[in-house]
There are 4 protein chains.
Amino acid sequence: MTTKELISTVEFPVRFSEVDFMQIVWHGNYIKYMEEGREDFGRKYGISYMQIRDKGYMTPLVKINCDFKKTLSYEDKVIVETRYIDSDAAKIIYAFRIFRASDHELVATGESVQVFLDMNRELVLTIPPFFEAWKKKWGIR
Amino acid sequence: MTTKELISTVEFPVRFSEVDFMQIVWHGNYIKYMEEGREDFGRKYGISYMQIRDKGYMTPLVKINCDFKKTLSYEDKVIVETRYIDSDAAKIIYAFRIFRASDHELVATGESVQVFLDMNRELVLTIPPFFEAWKKKWGIR
Amino acid sequence: MTTKELISTVEFPVRFSEVDFMQIVWHGNYIKYMEEGREDFGRKYGISYMQIRDKGYMTPLVKINCDFKKTLSYEDKVIVETRYIDSDAAKIIYAFRIFRASDHELVATGESVQVFLDMNRELVLTIPPFFEAWKKKWGIR
Amino acid sequence: MTTKELISTVEFPVRFSEVDFMQIVWHGNYIKYMEEGREDFGRKYGISYMQIRDKGYMTPLVKINCDFKKTLSYEDKVIVETRYIDSDAAKIIYAFRIFRASDHELVATGESVQVFLDMNRELVLTIPPFFEAWKKKWGIR
């Protein structure tokens with residue numbers, strides 16, 4: 001049995017303020033790019049920050065990493081591909097691939113891990129029912 | 001009768017991520033520098049964001065401007081001078097002067113205007129009592 | 001004789017990282033939004049940062065201001081309208097209007113002024129020939 | 001034989017613009033905090049971005065990660081501890097620990113890896129002589 005792949009792809013130009021002294025996109029902006037990917041994924045698959053919040057949860061990040069393989073310059077366009085990685089734990093995991101749009105060169109890869117907090121900001125150790133339902137809806141389980 | 005001058009001064013290094021493609025501090029970061037000045041003023045004179053919030057108000061900005069006279073480079077140190085400008089209106093007004101620390105060159109000037117919202121986010125048209133008391137304490141009125 | 005209006009309009013979602021403690025878009029991000037407007041204008045009318053640089057000039061900001069009229073929340077979409085304001089001086093002036101997309105409410109207005117530096121970073125006091133040509137091309141003079 | 005530990009520690013307040021919708025420091029700002037740590041280390045041990053550049057090298061990041069253990073709020077003070085991790089490869093590796101100043105709670109840990117590029121932006125595969133000399137000076141080898 002294979003798991004269905006949930007992927008979103010969003011494209012935008014490098015903004016002037018994102019380029020650093022070395023005249024490449026400052027590495028910290030890739031974390032923002034991953035967030036733009038995550039937000040795009042959330043809008044596409046009905047699992048946005050606000051939709052999760054309406055269910056009574058917050059999902060702060062507990063882990064992030066990024067591997068920088070190439071650089072992005074001003075006037076490049078960026079493509080962020082966000083892929084959902086399923087887990088048995090009460091976590092939301094995404095894998096990211098960031099491409100330069102012009103030549104589809106892979107510029108960076110990364111991963112983010114989020115946990116569930118309830119409205120008292122207590123860690124939730126079991127997968128919340130709404131998230132189980134979301135998985136079912138998208139054929140993951 | 002003269003009004004007492006309330007002024008705070010804070011110094012910090014230009015950070016790598018603040019420098020842009022032209023290898024000078026990106027203009028948008030001066031808005032952040034002014035906020036660092038405003039926060040320093042608030043800590044010094046007991047009028048921080050949190051202290052205002054404890055009184056039941058929020059003070060969003062309604063106006064900001066900045067004149068850029070010189071540039072700042074990476075490895076420069078920045079001095080932000082924040083001066084309270086008294087007003088008869090229900091407003092908090094600050095004037096800023098940003099200097100390069102090494103030669104005390106005036107790099108930029110600016111001004112910010114804030115209004116008072118109550119906790120229902122309604123605009124407050126008269127000066128809140130806590131702010132009148134704050135003015136009196138510092139000899140402004 | 002009327003001057004042709006040069007206007008560009010760009011739309012994008014509020015990003016999570018742009019929202020502040022008050023759960024509205026942090027005021028400093030409007031400066032970034034204006035830059036996104038300016039970049040969109042540059043792409044549309046052939047006067048981008050890189051195109052100006054290829055002519056041998058840089059155009060740092062010397063003045064910026066912003067009036068905040070309403071607030072933007074997370075999940076709002078932003079529309080930035082950028083209008084070229086002609087001047088007899090060696091300056092590039094833009095007026096900005098920022099709207100909430102859902103109800104087209106005017107959220108903020110602003111203006112930016114840029115000057116021309118040559119490649120030695122010396123201020124250029126007369127309008128550069130390439131910019132005169134650009135104005136002519138778009139029917140401004 | 002033990003290797004000498006090179007560690008720097010820098011402290012600063014959480015800035016208003018760094019706090020997000022959840023009223024905690026936005027995770028992407030930890031990447032900036034690590035950079036503030038790296039810059040502080042560079043100033044302390046004579047290995048700043050500019051000093052490396054004067055030797056003919058740039059050192060872009062190729063890898064970064066961060067584990068978030070606790071949260072930081074507005075009005076917290078942050079301590080960033082930056083520790084040099086020696087490597088046989090032509091890399092600069094730092095380990096970071098981010099603390100809340102008030103109770104010295106460990107808030108996050110992270111690591112960054114940088115490589116050496118020469119001025120043609122070509123990857124340098126052997127440790128540059130200036131960096132070997134720097135290691136010797138600080139008793140690492």
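The values are calculated or read from the model by the stated rules, or taken from the named source; none is laboratory data. Just so it is clear, the structure is predicted and the values come from calculations on it, not from any experiment. Please note: Cβ atoms are built from the backbone with ideal geometry, for glycine as well, and neighbour counts cover all protein chains shown. Heavy atoms of the whole protein, side chains included, go into the accessibility calculation; ligands, DNA and RNA do not. Shrake-Rupley method; radii C 1.70, N 1.55, O 1.52, S 1.80 Å.
Looking at segment D:8-19, which of its residues are facing another protein chain (nearest Cβ under 7 Å) and in a helix (DSSP H, G or I)?
Listed by number, the residues that qualify are D:F16, D:S17.
If I ask for residues that are hydrophobic (A, V, I, L, M, F, W, C) and either buried (at least 19 other Cβ atoms within 10 Å of the Cβ) or in a strand (DSSP E or B) (or both), which ones from segment C:108-122 would you list?
C:A108, C:V113, C:V115, C:F116, C:L117
Touching a residue at least 40 places away in the same chain (Cβ under 8 Å) and more than 15 Å from the chain's Cα centre (by Cα): which single residue out of A:V124, A:V80 fits that description?
Numbers: A:V80 fails: more than 15 Å from the chain's Cα centre (by Cα).
Of A:V124, A:V80, the one residue that is touching a residue at least 40 places away in the same chain (Cβ under 8 Å) and more than 15 Å from the chain's Cα centre (by Cα) is A:V124.
Filter segment C:56-79 for residues that are assigned to a strand (DSSP E or B) and more than 14 Å from chain B (Cβ to nearest Cβ); which is farthest from C:E36 (Cα to Cα)? Spell out the reasoning first.
Within segment C:56-79, the subset assigned to a strand (DSSP E or B) is C:58, C:61-68, C:77-79.
Now restrict to residues that are more than 14 Å from chain B (Cβ to nearest Cβ): C:77-79.
On the way: C:K77: 14, C:V78: 11, C:I79: 10 Å.
Looking at the filtered set, the residue picked out is C:K77.
Residue-wise test of (1) aliphatic (A, V, I, L, M); (2) open to solvent by 20 Å² or more (accessible area, probe 1.4 Å); (3) modelled with pLDDT of 95 or more; (4) in contact with a helix residue (DSSP H, G or I) (Cβ under 6 Å, 6 or more places away or on another chain).
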residue: D:I7; (1), (2), (3), (4): yes, yes, yes, no
residue: D:R43; (1), (2), (3), (4): no, yes, yes, no
residue: D:V62; (1), (2), (3), (4): yes, yes, yes, no
residue: D:N65; (1), (2), (3), (4): no, yes, yes, no
residue: D:K69; (1), (2), (3), (4): no, yes, yes, no
residue: D:L72; (1), (2), (3), (4): yes, no, yes, no
residue: D:A90; (1), (2), (3), (4): yes, no, yes, no
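Take the residues of segment D:9-23 that are of a type outside the set (S, T, Y) and over 21 Å from B:I31 (Cα atoms): which is surrounded by the fewest Cβ atoms within 10 Å (Cβ to Cβ)?
Start the filter on segment D:9-23 by keeping residues that are of a type outside the set (S, T, Y), which leaves D:10-16, D:18-23.
Applying the additional criterion that residues be over 21 Å from B:I31 (Cα atoms) yields D:10-11, D:22.
Working: D:V10: 19, D:E11: 13, D:M22: 20.
Checking each candidate, the answer is D:E11.
Could you grab the pairs with beta carbons closer than 7 Å, sequence gap of 6+ or different chains, first residue in segment B:20-38 and under 14 Å from A:F21 (Cα atoms) and at the interface with chain C (Cβ under 10 Å from one of its Cβ atoms), second one hydrophobic (A, V, I, L, M, F, W, C) and in a helix (DSSP H, G or I)?
B:D20/A:F16; B:F21/A:F16
Does A:R38 meet the test of being within 19 Å of the chain's Cα centre (by Cα), within 19 Å of A:L117 (Cα to Cα), open to solvent by less than 30 Å² (accessible area, probe 1.4 Å) and among the charged types (D, E, K, R)? Before the answer, list the steps.
Working: within 19 Å of the chain's Cα centre (by Cα): yes; within 19 Å of A:L117 (Cα to Cα): yes; open to solvent by less than 30 Å² (accessible area, probe 1.4 Å): yes; among the charged types (D, E, K, R): yes.
Considered against the rule, which asks whether it is within 19 Å of the chain's Cα centre (by Cα), within 19 Å of A:L117 (Cα to Cα), open to solvent by less than 30 Å² (accessible area, probe 1.4 Å) and among the charged types (D, E, K, R), A:R38 comes out as yes.
Do we have A:A133 as farther than 21 Å from D:M22 by Cα, modelled with pLDDT of 95 or more and either buried (at least 21 other Cβ atoms within 10 Å of the Cβ) or more than 14 Å from chain D (Cβ to nearest Cβ) (or both) here? Step through it out loud before you land on a result.
Values: farther than 21 Å from D:M22 by Cα: yes; modelled with pLDDT of 95 or more: yes; either buried (at least 21 other Cβ atoms within 10 Å of the Cβ) or more than 14 Å from chain D (Cβ to nearest Cβ) (or both): yes.
Considered against the rule, which asks whether it is farther than 21 Å from D:M22 by Cα, modelled with pLDDT of 95 or more and either buried (at least 21 other Cβ atoms within 10 Å of the Cβ) or more than 14 Å from chain D (Cβ to nearest Cβ) (or both), A:A133 comes out as yes.
Restricting segment C:45-55 to residues that are within 14 Å of chain B (Cβ to nearest Cβ) and under 13 Å from the mean Cα position of the chain (by Cα), which is least open to solvent (accessible area, probe 1.4 Å)?
Restricting to residues being within 14 Å of chain B (Cβ to nearest Cβ) and under 13 Å from the mean Cα position of the chain (by Cα), the top hit is C:S48.
If a residue must be touching a Ser or Thr at 6+ places or on another chain (Cβ under 7 Å), basic (K, R) and under 27 Å from C:I24 (Cβ atoms), how many such residues does segment B:76-132 contain?
Residues flagged as touching a Ser or Thr at 6+ places or on another chain (Cβ under 7 Å), basic (K, R) and under 27 Å from C:I24 (Cβ atoms) within segment B:76-132 amount to 0.
Residues D:R43, D:R100, D:R15: which one is farther than 25 Å from B:G42 by Cβ and of a type in the set (D, E, K, R)?
Values: D:R100 fails: farther than 25 Å from B:G42 by Cβ; D:R15 fails: farther than 25 Å from B:G42 by Cβ.
The match here is D:R43.
With the structure loaded, tell me whether D:D88 is part of a loop (DSSP other than H, G, I, E, B) and closer than 24 Å to D:V124 by Cβ or whether it fails that test.
On the way: part of a loop (DSSP other than H, G, I, E, B): yes; closer than 24 Å to D:V124 by Cβ: yes.
Yes; evaluated as a whole, the condition is true for this residue.
Return the pairs, sorted by first residue and then second, in which the second residue is surrounded by fewer than 19 Cβ atoms within 10 Å (Cβ to Cβ), the first residue lies in segment C:39-56 and is on the phi > 0 side of the Ramachandran plot, the beta carbons are less than 6 Å apart, and the residues are 6+ apart or on different chains.
Hits for this filter: C:G56/C:M119.
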